[in-house]
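A short write-up of the structure that comes next.
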Amino acid sequence: MTLRGRFAAYFARRRFAPYFNASPLTAPSAVLALNVWICWRLFHTEYLDQLPSIEGAFISLARYIAEHWPMYDWFPMWLGGYPFPRAYQPLLHYTVAVVSSITGASPALAYHFITACAYSLGGVAFYFLARSLIQSRAAAFSGALLFSTFSPSLLLLPEVRADAWSWRNARRLQAMVAYGEGPNITGLTLGIFALAMLHRALERRTRASFVLAGISLALVPATNWPSTMALLMAIAAYVIALNAREFRDRIGRVAAIGVFAAALVLPLALPSTILSTFRNANLMGDMPTPGAPRWIGLALIGAAVIASRFALSRVPFPVRFAALYATITTGIVIASGYAGVRLLPQAMRFHLAMEIAIVLLAITAAFWLTHTRPAVARALVAVTLVFCAAQAWQYRHYARSIIQPLDIRRSIEYQEARWFAANTHGGRADAPGTVSFWMNAFTDTPQLTGCCEQSSPTREDFIVDYITAAGYHSEAESADYTLLWMKAFAVEAFAAGGPASREHYHSFQFPYRFRGKLPLVWQNGDDFIYRIPERTPGLARVVGVRDLVKRPPENGIDVAELRPFVAALDDPAFPIASTHWQDVNHARIIANMSRDQAISVAINYDRGWKAAASGKAVPVNADGLGLLAIEPGCSGDCVIDLRWSPGVEPWICLAISLSALTASLVWWLQPAYRKNG
């Protein structure tokens, strides 16, 4: 009998069956109970004292959805606006909004409840993946316990270990609570389930398993992009791990399930959203390392995968798959953590996926190596259980130390957000760091920045975000450049903080740049808000056609065309436009204009924007700042209807998705109909 045959036979005999003769749900239920016990406080905590976490932006999305229920609408809250599907992958946020609306819980409490569920189900998902691969409850249970109580990345990465304080602490939980990785943790949990369902579909070859595998796979890109990349790495490792006969037999099914999943998820991951995210991921601060180091690193990982595949050709498939998955994820993380070479955007975030692969490899390899030594295997299980028990107490203690409730009303984030809501009356604001993260968790105040960089439709959004925070050379120059950009983008109020600010990041350099230059309208300690004088309220302003910025600026101090544009905004010779928003997709702009004048609207250009003056279509273009420029050619009173439409893309995607789902269900149920017929 081959090694693989002995491996399968060993687990088929269930050497540990006496310990697991109860219901098949006993072991996963125990794993679930353990994880719930560890993070119990998170289930019922509304706000945490982890305000530097980006979860404020995710809670903002859930609140906005619960109050507006957008799907394919324009989203005006962040970065000059963009189509709502670009904001973030929506599945988690819609789920939170539904729970909040049904239960009456605040979006923050609903968010923490849902992400606590996702975290707790991570160990259960790992159990089902291990169970489907190695057909042993004992092995799957041991692996799920180890995954639930140990983070291998803390041993491999000194930087991560220092951040978590000790190798014994809960890195996944810390990442979710302290850094706002709720969508990533949720996506990884769904991804582990999806891998298990994919393997079962390929093993069982039933119609039901095929459909369920496709649905499971589709849930991951509907939730989070990094976890989607981790899932793609796992599927690649799975396919590479197949032997020649298995490859010929299964590759078609893998491709068919993948196509079905892609069709299902299209309405929640529009092609335009994917392209925008891919483009911006290569522009962000933690973008892939440019040049030869990146390609050399990818080549080395590819070589390592090929070498591992041939070296492990005689070991059982579960071990081979786990080893290849660990090779890919570990290579990406190690290259970033030790060599400083990012092979993918946000490469260090994949250390959470790496932990899945490493624990899976440890369990499959350990049980395979002990298949002829039952006494050693039992001893290994016992050691694992003792270690996990000790770790569980440590995890519980650590969880309680980082999950601390907060009275949000005492925070600077809440106080400034409420001031903006009460005093800007829907006008655009700019705020630093954590104030920006949490602003829209409480209000609908549009922001100059907000979240998230991958959503930005224009390069100018990155420029204005950088120059307003970093300033330039001195207080005076910083004030000059900042005021130009903020006026151009119709910002009405600006928050900043000095060295003693209660805002966590202190991201604004030259924080006193506007002292004595702008009206100080609010102050609390070393945190303050200035009013920016705007001649024309709202986002629509009349300027001369010749005053529009034509050439996109190279950086924040490239203001040769910006100065005359802002001067025109302040020029009392130009008429004042009044803007009346009917809804987020439709505005009516009224102004008394001449033919050589244009309307500049401080909204990011998108081809979905159309305008009509007195019922006649007029051109809408992007100026050099990426903002809307309308040249209506009016002489006298001019009424302009400005409307946005997502076009046909979402409806085509929705039709494809519904068609795929309907066809799959008919195909699934067809044998039952034939039998009953």
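Is it true that Arg314 is charged (D, E, K, R), modelled with pLDDT under 95 and over 14 Å from Gln346 (Cα atoms)? Outline the logic, then answer.
Working: charged (D, E, K, R): yes; modelled with pLDDT under 95: yes; over 14 Å from Gln346 (Cα atoms): yes.
Taking the combined requirement at face value, the residue satisfies it.
Can you run down the residue pairs with Cβ atoms below 8 Å, 6 or more apart or on separate chains, where the first is in segment 330-346 and more than 14 Å from Ala299 (Cβ to Cβ) and the partner is hydroxyl-bearing (Ser, Thr, Tyr)?
What qualifies is Val333/Ser153; Gly340/Thr289; Arg342/Thr289; Arg342/Ser336.
Considering only strands (runs of 3 or more DSSP E) fully contained in segment 596-677, which possess at least 2 residues that are of a type in the set (Asp, Glu) and under 27 Å from Pro552 (Cβ atoms)? It would help to see each step written out before you state the result.
Working: elements: 597-604, 609-613, 616-618, 620-622, 627-630, 636-644.
Once the strands (runs of 3 or more DSSP E) in segment 596-677 are filtered for at least 2 residues that are of a type in the set (Asp, Glu) and under 27 Å from Pro552 (Cβ atoms), nothing remains.
Only one of (1) of a type in the set (A, V, I, L, M); (2) in a helix (DSSP H, G or I); (3) farther than 21 Å from Val319 by Cα is not met by Leu79, so which one is it?
Exception for Leu79: condition (2).
Out of Ala422, Ala495, Ala490, Ala479, which single residue is of a type in the set (Gly, Ala, Ser) and farther than 15 Å from Ile532 by Cβ? Explain how you work it out, then say what you get.
Values: Ala495 fails: farther than 15 Å from Ile532 by Cβ; Ala490 fails: farther than 15 Å from Ile532 by Cβ; Ala479 fails: farther than 15 Å from Ile532 by Cβ.
Only one candidate qualifies: Ala422.
Looking at segment 487-500, can you tell me whether even one residue there is crowded, with 17+ Cβ neighbours inside 10 Å, under 30 Å from Gly636 (Cβ atoms), outside the structural domain of Ala613 (by TED's automatic domain parsing) and not hydrophobic (A, V, I, L, M, F, W, C)?
Yes, that holds for at least one residue.
Please state which one of Phe113, Phe128, Phe58 is at pLDDT 95 or above and more than 21 Å from Pro221 (Cα to Cα).
So the residue among Phe113, Phe128, Phe58 that is at pLDDT 95 or above and more than 21 Å from Pro221 (Cα to Cα) is Phe113.
Quick grid of which residues meet (1) assigned to a loop (DSSP other than H, G, I, E, B); (2) among the aromatic types (Phe, Trp, Tyr):
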{"residue": "Phe514", "(1), (2)": "yes, yes"}
{"residue": "Lys517", "(1), (2)": "yes, no"}
{"residue": "Glu534", "(1), (2)": "yes, no"}
{"residue": "Val542", "(1), (2)": "no, no"}
{"residue": "Pro552", "(1), (2)": "yes, no"}
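Please verify whether Val559 is in contact (Cβ under 8 Å) with a residue 24 or more places away in the chain, aliphatic (A, V, I, L, M), part of a helix (DSSP H, G or I) and over 30 Å from Gly636 (Cα atoms), treating the condition exactly as stated.
So Val559 fails the test.
Can you name every residue in segment 62-83 that is surrounded by 21 or more Cβ atoms within 10 Å (Cβ to Cβ) and in contact (Cβ under 8 Å) with a residue 60 or more places away in the chain?
Arg63, Tyr64, Trp74, Phe75, Pro76, Met77, Trp78, Leu79, Gly80, Gly81, Tyr82, Pro83
Within segment 146-195, which helices (runs of 4 or more DSSP H) (wholly inside it) include 1 or more residues that are in contact (Cβ under 8 Å) with a residue 40 or more places away in the chain and among the β-branched types (Val, Ile, Thr)?
Qualifying helices (runs of 4 or more DSSP H): 158-164, 171-179.
Within segment 565-594, can you find the residues that are assigned to a loop (DSSP other than H, G, I, E, B) and surrounded by 13 or more Cβ atoms within 10 Å (Cβ to Cβ)?
Within segment 565-594, Asp571, Phe574, Pro575, Ile576, Ala577, Val584, Asn585, Ser594 qualify.
The values are calculated or read from the model by the stated rules, or taken from the named source; none is laboratory data. What you see is a predicted model, and the numbers here were worked out from it, not measured in a lab. Don't worry about glycine lacking a Cβ; one is built from the backbone with ideal geometry, like all the others, and counts go over all protein chains shown.
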